[in-house]
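Reviewing the structure listed below.
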Amino acid sequence: QRLNERLELYSLENNRDIPGDGNCQMHALSDQIYGDLNHSFEIRRAIATWLIKNKNLVLSNGAKLSQFAVTTNWNKYCNQMARRGTWGDHLTLLAAAEVFKSQITVISSVESDSSSFIEIIPKSIEKNKVIFLSHHAEQHYGSLRQI
């Protein structure tokens, strides 16, 4: 209910049903970028490759990207993210924004209003492209469109 209210506030709605098979973030990105779900694994590979190559990227807060793989070492994390069925996270969204040179806007169902609208802005953006995703907190990503 909370997510639906937020989507209404921003004049957004779900674009299509996204399978809940552990690849929902990749499916939602595929729908936004290509207009279908057929490129999910290609997107996953591109994201994993970017993560591997950018291990030492220094973020705006001064931390290295690799410091955010808190439950495992960086290489193991990247290998997990390359596998179908592994849930995407905030790092895969950051990588997707950079790979596809697109701002990513996420509307989430989290309780905190301050965390319900997230914008990920890459270093360079092509053609003012914005990817709109919904996020059912800790469960599922969806693909959105303007109403």
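The values are calculated or read from the model by the stated rules, or taken from the named source; none is laboratory data. Just so it is clear, the model here is predicted, and its values are computed rather than measured. With ideal geometry, Cβ positions are generated from the backbone for all residues, glycine too; neighbour counts draw on all protein chains shown.
Of the residues THR92, THR72, only one is among the hydroxyl-bearing types (Ser, Thr, Tyr), within 21 Å of LYS129 (Cα to Cα) and either at pLDDT 95 or above or loosely packed, with under 12 Cβ neighbours inside 10 Å (or both); which? Don't jump to the end; show me each part of the working.
Working: THR72 fails: within 21 Å of LYS129 (Cα to Cα).
Going through THR92, THR72 in turn, just one is among the hydroxyl-bearing types (Ser, Thr, Tyr), within 21 Å of LYS129 (Cα to Cα) and either at pLDDT 95 or above or loosely packed, with under 12 Cβ neighbours inside 10 Å (or both): THR92.
Please state which one of ASN73, ASN54 is under 24 Å from LYS127 (Cβ atoms) and of a type outside the set (Lys, Arg). Before the answer, list the steps.
Numbers: ASN73 fails: under 24 Å from LYS127 (Cβ atoms).
The conditions single out ASN54.
Which helices (runs of 4 or more DSSP H) does segment 32-108 wholly contain that include 2 or more residues that are over 19 Å from PRO19 (Cα atoms) and of a type in the set (Val, Ile, Thr)? Outline the logic, then answer.
Working: elements: 40-53, 74-81, 90-99.
So the answer is 40-53.
Can you tell which of TYR77, TYR141 is surrounded by 14 or more Cβ atoms within 10 Å (Cβ to Cβ), without any contact (Cβ under 8 Å) to a residue 60 or more places away in the chain and aromatic (Phe, Trp, Tyr)? Break it down stepwise before answering.
Details: TYR141 fails: without any contact (Cβ under 8 Å) to a residue 60 or more places away in the chain.
Result of the check over TYR77, TYR141: TYR77.
For the structure I just gave you, tell me whether LYS127 is among the charged types (D, E, K, R), modelled with pLDDT under 95, on the phi > 0 side of the Ramachandran plot and exposed (fewer than 13 other Cβ atoms within 10 Å of the Cβ).
So LYS127 passes the test.
How do the pairs read when you match residues in segment 54-73 that are closer than 19 Å to GLY88 by Cβ with residues anywhere that are assigned to a loop (DSSP other than H, G, I, E, B) and of a type in the set (A, V, I, L, M, F, W, C), using Cβ under 8 Å and keeping only pairs 6 or more apart or on different chains?
Once the first residue is closer than 19 Å to GLY88 by Cβ and sits in segment 54-73, its partners that are assigned to a loop (DSSP other than H, G, I, E, B) and of a type in the set (A, V, I, L, M, F, W, C) give LEU65/LEU57; LEU65/LEU59.
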